[in-house]
Structure formats: C-alpha cells, structure tokens
Amino acid sequence: MFLDIKELSVTFKGPAETVKVLERLSMTADKGEFVAVAGPSGCGKTTLLLACGTLLRPTSGQILIGGEDPYALSPEQRGAFRADAIGFVFQQFHLVPYLTVFENILAPSVAKPLPTAEARATELMEKFQLGQRKDHVPSALSAGEKQRTALARALLHNPDLILADEPTGNLDKENAAIVIRHLRELAREGKTVLMVTHDESALDKVDRVLRLDGGRLI
Amino acid sequence: MNIPFLTLKEIAHRKLHFALAALAVALATGTFIGSLTFLNLHDRQTDLIMLEKEKETERVMADLREEMRKAGLDLSHNLLILPKNQNLKDFYAEDYAREDMPEENVDRLAESGIIVARHFLPSLRRRVEWPEMKRTIVLIGSRGQVPNLYKDPRKPLVQSVPPETIVLGHELAHSLNLKEGDQTAFMGRELTVHRTHPARGTTDDITAWIYLPEAQALFNMQGRINAILALECMCPIEGVTAKQAIEKILPDIQVIEMGTHILARQDSRNRAGQEAQEALERAVRARREERIGIQTLMAIVIPLVMIACVVWVGMLAYQNVKARSAEIGLFRALGVSAPRIVQLVLAKALAVGLTGGLAGGLLGFGGAARLAAGAQDEIALTSAAETLWNPALLGAGLLAAVFLTVISTWIPALLAARRDPALVLKGE
C-alpha cells in the first residue's frame with residue numbers, strides 16, 4: 001500500500017468545545033489507484049486530505065506514505081518530503097496572483113530546486129494545453145485554465161501522491177470533465193490520486209469511493 | 001525561481017504598498033541625513049562667517065592701530081618731560097616752563113635703553129616779544145629730535161632748524177608777509193626764513209622755531225632746556241609704564257601726558273576695537289546657540305520620525321502578510337520551510353529599506369542644501385557644493401534605513417511563518 005492510514009484521529013480544541021473531526025479512520029490506497037472521498041459538508045474530508053498532505057498533524061494514529069511516516073520527521077524534513085512526494089490541487093486553485101502561468105508551474109522549485117525545472121514546466125504546459133497562456137497572470141485565465149495550471153504545478157516534481165481537494169468545485173461541467181480525465185490519466189501512470197469531492201458525476205470515473213460521515217468511514 | 005525573483009514580482013504586483021513603505025523610509029532617512037547635513041553645512045557656514053568677521057575685525061583693529069600710530073606722528077600723543085620743580089598751574093597758564101633743566105638729560109634718555117618712546121625732542125620754549133615786528137610770539141629753540149639709540153633710526157619726524165634760520169607758523173608768516181627764503185631781523189639777528197608751516201589751528205600758528213643753541217644764547221641759558229618731548233610713545237595709553245621708566249632715568253623731572261583729547265579719541269578707538277571684538281564674540285555665541293537649538297530639535301524630531309516610520313512600515317508589513325496569506329499557505333504546502341517564508345517577507349523589507357534609504361539620502365542632501373541656501377545664499381551655495389556629497393553619511397543612512405525596515409517587518413514575518421497553512425488552505 002502506498003498510502004496507509006491507521007486509526008487516524010484529528011481533534012480540534014476550541015475555546016468553547018473540543019471537536020473530533022476524524023475518529024479512528026483507517027484506509028489505504030495503492031499506486032495507480034484513483035480514490036474519491038465523498039461525504040456531506042463538515043464530515044472531515046478536507047481534514048483527511050490535509051492530514052495525508054502532512055499539513056495537519058494527527059491527534060492520534062499513523063499515516064504512512066510510501067512506507068514513511070512524515071510526522072516522524074522534523075518540520076524541515078517534512079517540508080522536503082512534501083515537496084518531493086506530494087502534489088496538491090485545491091478547489092480555490094491557490095495560484096500566486098503575480099506570477100505567470102509558466103512561473104506558477106515553477107513555484108514548487110522554490111522549496112526544492114530542480115535543474116530541469118523550466119523544461120519540465122514547458123512539457124507540463126503543453127500537456128495541459130496552456131502553451132498559449134504561458135505569460136498570462138491568473139487574473140487573465142478562465143477557471144478551467146487556472147485549475148489546469150494548478151494541476152501542472154502539482155506535477156513539477158513528479159510526485160507519487162496527488163491530493164485534490166474539490167478540484168472541480170469551481171468549474172463548469174466541461175472543464176470539470178477535463179480535470180477528472182487528467183486525474184484519471186495520472187492514476188493510470190502509476191500515481192496514487194486521492195480526491196475529495198461533492199461532485200457525484202465524478203464518482204463513476206474513480207476506482208474506489210470512500211464515504212465519510214461524522215469523521216468516520218461509512 | 002528564487003526569493004529575489006519572487007520579491008521583485010510581488011513588488012511589481014503591489015506597487016502602492018511598496019511605494020507607501022518606501023516613502024516612509026525615505027522620510028525617516030531624509031530627516032536623519034538632512035539634519036546631519038544641515039548641521040554640517042551650518043558649521044561650515046559658521047566657519048566662513050567667523051572667518052569673514054575675524055578678517056573684518058582684524059581690518060578694524062589694523063585701522064585703529066594705524067590711526068593710533070598716526071596720532072603719535074601728529075606729535076599729539078606724546079609725553080612731555082618738564083623740570084621737577086616746574087609749577088604745572090603756571091605752565092598751563094603761560095604755555096611754557098619757567099624752570100629749566102640740563103640739556104644733557106636728553107642724551108641720558110637716548111642712551112638709557114628706554115624702549116617706550118621712539119624719539120626725544122629737546123626744546124627751550126619762551127613767550128617773547130619780537131621787537132622788530134612788535135609781536136608777541138612763542139619762540140622754540142629746537143635741535144630736531146634725538147633718535148632713541150635702541151630703536152632703528154628712521155627718517156626724522158621733525159625737521160631740525162638749521163643755524164641762522166627761522167621756521168614760522170602760518171599766522172606769523174601770513175601776517176608778517178614772510179615766505180621761505182626771506183631774510184628777517186629777529187631780536188638783533190639776521191635770520192633766513194627756512195620754512196613756513198600750513199595752518200594748524202594751534203599755538204603753532206604764532207610760533208617761531210630757531211636753532212636751539214641760538215635760542216639758548218639769546219636767553220643766556222647755554223646748555224639748558226625747559227622741555228623734552230617724547231614722541232611716538234608706544235606705551236600704554238595711560239603712559240604709566242613710560243612715565244615710570246623715564247622718571248627712573250631722570251629723577252629730577254616730571255612727566256606729563258599730552259593731548260588728552262587725543263587720548264580720549266584713543267579711548268574711543270579702543271572701545272571701537274573692543275566692540276568689534278565683542279561683536280565677533282556675540283556672533284560666535286549666536287551661532288553656537290543656534291547650533292544647540294538645531295541639535296535639540298534634531299534630538300526630538302529624528303527619533304519621533306524614526307518611531308513613526310517603524311510603526312507605519314510595520315503596519316504595512318502586517319497588512320501585506322495578511323494579503324499574502326493564501327500565497328504563503330501555498331508555499332508552505334509546496335514544502336517551503338518557515339525560515340524561507342521569513343526570508344521571503346524580509347527580502348521585501350530589504351528592498352523597501354534600500355529604495356527608501358537611497359531616495360531619503362538624496363532628499364536629505366538636497367533638502368539641507370536648499371534650507372541652507374535659503375538662510376545665506378553665497379556662503380551656503382559654496383558650502384553645499386563642497387559638503388553635499390558625503391558617502392559615509394549616505395552609507396550610514398542606508399544601513400539605518402535597512403535596519404529599521406527589517407526591524408519593523410520582523411514580527412509580521414514571524415507571524416507569516418507561523419501561520420498554519422492548513423487553516424489558510426481550508427479557507428478559514
């Protein structure tokens with residue numbers, strides 16, 4: 001199993017109350033597998049994704065990625081691990097507003113320099129049909145182009161794990177279908193793709209659907 | 001893709017923010033550099049003003065000294081040496097001394113080493129009747145001046161009267177219709193008019209001068225004189241020192257200062273000299289007080305401006321970090337470490353500091369020169385040209401600007417680095 005989650009619990013302690021967002025959740029995902037996590041709002045889908053992305057330390061339990069426990073590493077090591085092994089795609093795109101498409105795709109090289117970064121970015125631009133938008137800033141792009149740019153960015157270091165949080169949430173049907181198709185291809189290429197989604201129409205494009213409710217898998 | 005590249009891109013994207021921050025830094029740096037430059041220019045102006053005033057004072061003093069020297073040359077400020085037993089009340093009433101003293105007193109003075117008077121003029125002075133002309137005149141027997149042997153001999157101040165000649169005052173010559181070269185009988189002797197003086201407005205106008213031995217023979221007073229004039233007295237105005245010196249050489253004499261009205265003029269000249277000195281000192285004090293005032297103002301204004309700059313730049317930095325939350329969260333998600341995030345934020349602070357510091361430096365130098373030029377044009381322009389460019393001060397200003405900006409941005413940078421990327425990316 002490439003992604004192995006064991007008894008994962010995430011609890012937030014607020015000023016008034018303690019909230020258990022995830023409770024003793026266990027799941028796995030293999031290389032080349034396209035897994036969707038579905039469930040109502042507030043069920044803990046994004047929290048699960050962020051925990052898998054090494055951005056949210058579990059209260060208890062363990063997450064192994066490629067056999068490695070990233071939360072056993074120092075913050076700097078964990079950052080390097082994340083840069084190398086994980087690619088993120090967000091619902092809000094989170095493109096840097098003052099960088100062009102080409103420069104946004106190169107953004108991960110700030111964390112981990114890549115000698116062939118520019119060649120790789122060019123290749124990704126072609127793959128996602130962004131060649132003609134190379135020098136455009138995000139404000140000049142359509143929603144679909146923004147999300148394809150985010151996808152290309154996520155793949156700069158050719159990570160093994162792709163985490164997509166509602167990637168089609170701000171897209172129309174056509175662009176949503178394009179993004180799902182690309183994620184599907186990435187899984188076929190041997191990557192592990194974990195996608196959080198509300199989009200029921202995307203669920204029949206995945207290999208497996210995990211349903212979450214109240215912090216637990218149902 | 002590196003931090004400098006990202007910094008420049010972000011600055012280009014948020015120009016107004018950068019401009020506001022750089023402006024604050026420029027104002028702070030400009031105030032700092034401008035104040036110090038203005039102080040330097042003020043000092044240079046003070047030096048030039050003082051130099052001018054010192055030259056002026058020296059000119060005034062030199063004029064005074066020349067006037068005083070000429071006053072001595074007018075035979076007006078001199079010491080009169082009379083026989084000790086001469087009653088001064090009678091002397092002033094009759095305008096000559098009835099008592100007499102040895103002529104050798106003159107030689108004793110000349111050989112004595114007195115250094116306070118340059119020349120000694122022995123004379124035998126009487127009020128007499130010129131029988132041939134039926135006129136009462138003042139007759140002075142003179143043999144010219146005896147130079148002080150301890151001074152460099154110079155051209156005589158008073159021309160001696162040659163034997164068998166007579167020198168006439170203006171009124172005498174004019175009223176008796178005598179001119180140079182004329183022969184005239186004087187108390188039974190035939191004398192040639194050697195010279196006539198122009199009008200002096202004193203008793204000199206009714207005075208005749210003859211050769212001293214001839215005067216002594218006329219009065220049967222061979223080897224005797226009744227007055228010695230010490231000329232070009234270089235003693236202090238009161239003459240105390242000269243008087244004491246002369247009385248030491250000749251115990252049987254008395255010394256009188258002559259020309260009190262000239263002494264009064266010398267007093268006023270000295271007062272004028274003193275006033276010139278005091279004016280210089282007042283100017284120095286005024287410039288010094290002005291400098292203290294400027295320094296005091298600087299001591300208040302500069303820190304206030306610096307603090308305001310730090311607060312303003314800090315607020316702008318905090319605002320910037322907030323606006324970049326999503327971007328910073330993304331970079332953290334991409335694996336950029338917290339220290340690198342701090343570097344990213346501080347890199348912009350460095351750019352703000354350098355830009356604002358440089359602009360402020362130019363503003364400071366230019367502003368100070370303009371202020372100084374407004375105060376005193378010629379001197380200021382000269383000073384400004386010479387002192388405007390101070391690389392060391394600009395360097396210090398730049399360092400201070402960068403330091404202030406980094407300090408202002410430090411906390412916002414730490415806050416940015418510590419912000420949980422998960423919260424940002426979740427949109428909370």
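Only aspartates and glutamates eight or more places from B:Lys322 in sequence, or on another chain, were considered; those with a Cα closer than 16 Å are B:Glu10, B:Asp420, B:Glu428.
Using unit Cβ charges (K, R positive; D, E negative) and no other charged atoms, how large, in debye to the nearest 20, is the dipole of the protein assembly as shown about its Cα centre?
Using only the charged Cβ atoms, the result is roughly 2360 debye.
Put simply, the Cα atoms of the protein assembly as shown extend 163, 48, 37 Å along their principal axes, the longest span coming first. Here B:Phe120 sits with roughly 0 square angstrom of accessible surface, probe radius 1.4 Å. Label-to-label distance for B:Ile411 and A:Gln129 is 5.1 nm, based on points extended 7 Å past Cα in the beta-carbon direction. Within the assembled protein chains, the solvent-accessible surface assigned to B:Asp252 is about 120 Å², based on a 1.4 Å probe.
The modelled label-to-label distance between B:Asp43 and A:Ile218, using points 7 Å beyond Cα along the C-beta direction, is 8.2 nm.
Filter chain A for me: DSSP H helices, axial length by Cα at least 20 angstrom, mean Kyte-Doolittle hydropathy not below -1.0. List them by residue number. Walk me through the numbers on the way to the answer.
Numbers: long enough: A:173-188 (22 Å, -0.31).
Membrane-span-like by this rule: A:173-188.
Among B:Arg127, B:Arg324, B:Arg135, the sequence by solvent-accessible area, most first, with a 1.4 Å probe is B:Arg127, B:Arg135, B:Arg324. Ranked by the mean number of other Cβ atoms within 10 Å of their residues, highest first, the peptides B:214-227, A:188-201 fall in the order A:188-201, B:214-227. Determine the per residue accessible area of the protein assembly as shown with all protein chains present and a 1.4 angstrom probe, expressed in square angstrom. Accessible area per residue: 48 Å².
Mind grabbing the accessible area of A:Asp213 for me, 1.4 Å probe, Å², rounded to tens? Answer for A:Asp213: close to 80 Å² accessible. Within the shell defined by Cβ-Cβ distances under 15 Å, the residues around A:Leu48 carry a net charge of +3, with Lys and Arg each +1 and Asp and Glu each -1.
Where does each of A:Thr11, B:Thr184 land when they are ordered by accessible area, with a 1.4 Å probe and the largest first?
On the way: A:Thr11 40, B:Thr184 5 Å².
Most to least solvent-accessible, the answer reads A:Thr11, B:Thr184.
Checking the cross-link filter: which lysines have an alpha carbon closer than 27 Å to that of B:Lys134, excluding same-chain neighbours under 8 positions apart? Those lysines meeting the cut-off are B:Lys179. Here A:Lys20 is the anchor, and the lysines within straight C-alpha reach of less than 20 Å, apart from those fewer than 8 places off in the same chain, are A:Lys6, A:Lys45, B:Lys426. Net charge in the neighbourhood of B:Ala323 (other residues with Cβ under 14 Å of its Cβ; Lys, Arg +1, Asp, Glu -1) is +4. Note on B:Arg285 and A:Lys20: their simple-model spin labels are 8.9 nm apart, each label 7 Å out from Cα toward Cβ.
The values are calculated or read from the model by the stated rules, or taken from the named source; none is laboratory data. Note that the coordinates shown come from a computational prediction; the quantities given were computed from them, not determined experimentally. Please note: Cβ atoms are built from the backbone with ideal geometry, for glycine as well, and neighbour counts cover all protein chains shown. In case anyone asks, the SASA skips ligands and DNA or RNA and just uses the protein heavy atoms, side chains included. Shrake-Rupley method; radii C 1.70, N 1.55, O 1.52, S 1.80 Å.
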